[in-house]
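The values are calculated or read from the model by the stated rules, or taken from the named source; none is laboratory data. As the structure is a computational prediction, the values presented were derived from the model and not from experiment. Backbone-built Cβ (ideal geometry, glycine too); neighbour counts: all protein chains shown. The protein model used for the area step is the full one, side chains on, heavy atoms only, and it has no ligands, DNA or RNA in it. Shrake-Rupley method; radii C 1.70, N 1.55, O 1.52, S 1.80 Å.
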Amino acid sequence: MGPMIDDDVTPVFLINGFLEAGKTEFLSFTMEQDYFQTDGKTLLIVCEEGETEYDPALLKDTKTTAIYVDSMEDISPEKLTEYELMYNPERVLIEWNGMWNQDDLRIPKDWTIYQQITIIDMSTFEIYVKNMKSLLAAMVRGSEMIICNRCDGIEDLERYKRMLKSINTQCDIVFEDQNGEIDEISEEDLPYDLKADVVKISPEDYGIWYIDCMDKPQRYVGKTVEFTGMVLKSKEFPKNYFVPGRMAMTCCAQDMTFLGYICKAREARNLETRQWVTVRAKVAVEYWKDYSGEGPVLYAESVVPAEPIRDVVTFN
């Protein structure tokens, strides 16, 4: 389960998702696995009781105490510290209530969220997207992995993937149906032609391109792309670099973010932030500190002034 944990810190594994998404099944399965065994005690905090219950024998075998809480007041930092003194756990598992805003979760100073996984039932996903997008975004934002189960018969997985990726570009997303994991979109399904000498990305396809290039950068290496975006410059960037991008609405009107990739261009020195340009550039994948690792880097063949695009990118 990742790197060694500091002895002075209580690691928290947070599993979230809406009611009946399959959180209890996922946690029960995980607790049985060899890799998840530990010598010390585990405290399991269950924030909502679903149809599925934890097997008392499993809890006993894994030295786990389960406590059930009914409100956010029951998991204030003071309450959590009380539980820690009472049960002395080596680690804490939290099964989150999807109707509580996860942005409001406060944990004691010596606890750390070590891993966060969101479970989504795709058969009811559209309802939550339409009615509870801010709660969904609060859960997805800090997750390392999103497991989308019950995908049988769901047509538009790729649209949902882009929406989730727009909220959290760094997370892994797994789609599962009854038979297990599902392979995703093929190049043929993209709305632009990756085999073209110049891959022209229309304004309405910018979001699709941005997310797909972040997700599968190898697919774009060596390709030449052309799109229109707004210039972002910073003193932090090396000489001749800027970011062409677009403003995007990831979950609601208040939640706007600028989506763009770093671009090297001889024209960069003459550009100003907020200016609009059409960029034709070759895509590479290289280490870049702002990506915290490797990511798409554009090498411009041309950068020319363009008319502003009024619409923001959306992922609905």
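FRET efficiency for Asp172 and Glu272, Cβ-Cβ distance as r, R0 = 45 Å, nearest 0.05?
According to the calculation, E is roughly 0.75.
Given 0.36 nm per residue, what is the gain on full extension from Asp55 to Asp103 after removing their alpha carbon distance, in nm?
The Asp55-Asp103 span can extend by a further 14.3 nm.
List the residues whose amide H sits under 5 Å from the amide H of Ile120, counting only those 5 or more places along or on another chain, with H placed 1.01 Å from N in the peptide plane.
Distant-sequence amide H within range of Ile120: Ile147, Cys148, Asn149.
Calculate, for the stretch 48-151, the solvent-accessible area per residue in square angstrom, rolling a 1.4 angstrom probe over the heavy atoms of the protein chains.
Accessible area per residue: 51 Å².
For Lys289 and Thr62, FRET efficiency with R0 = 41 Å and r from the beta-carbon atoms, rounded to 0.05?
Given R0 = 41 Å and the Cβ-Cβ separation, E is 0.50.
Can you compute the label reach from Ala306? Point 7 Å from Cα along the Cβ direction, backbone N cut-off under 19 Å, restricted to the stretch 265-295.
265-284
If I take R0 = 51 Å and measure r between the Cβ atoms of Glu73 and Glu204 in this structure, what FRET efficiency does the formula 1/(1 + (r/R0)^6) give, to the nearest 0.05?
It comes out at approximately 0.65.
Give me the distance between the Cα centres of the stretch 239-300 and the stretch 40-96, rounded to whole Å.
The distance from the Cα centre of the stretch 239-300 to that of the stretch 40-96 comes to 44 Å.
Give me the net charge for the shell around Phe237: Cβ to Cβ below 10 angstrom, other residues only, Lys and Arg +1, Asp and Glu -1.
Charge balance near Phe237 sits at +2.
Given the options Tyr210, Tyr160, Tyr54, state which has the largest fluctuation in a GNM of the chain using a 10 Å cut-off (strictly under) for Cα springs.
Among Tyr210, Tyr160, Tyr54, the largest mean-square fluctuation in the Gaussian network model of the chain belongs to Tyr54.
Quick one: which of Lys41/Lys133; Lys195/Lys235; Lys216/Lys289; Lys233/Lys282; Lys130/Lys200; Lys165/Lys200 span more than 29 angstrom between C-alpha atoms?
Lys41/Lys133; Lys195/Lys235; Lys130/Lys200
So what is the calculated 222 nm ellipticity per residue for the chain, using -39500 (n - 2.57) for each DSSP H run with n of 4 or more, over all residues, to the nearest 500 deg cm²/dmol?
Result for the chain, helices only: -6000 deg cm²/dmol.
Only sites in a loop by DSSP and with at most 15 other Cβ atoms within 10 Å count here; which trypsin sites (Lys or Arg not before Pro) in the stretch 218-316 make the cut?
Lys235, Lys239, Arg274, Arg310
Ignoring ligands, DNA and RNA, please state the percent of accessible area on the chain from carbon and sulfur, probe 1.4 Å.
47
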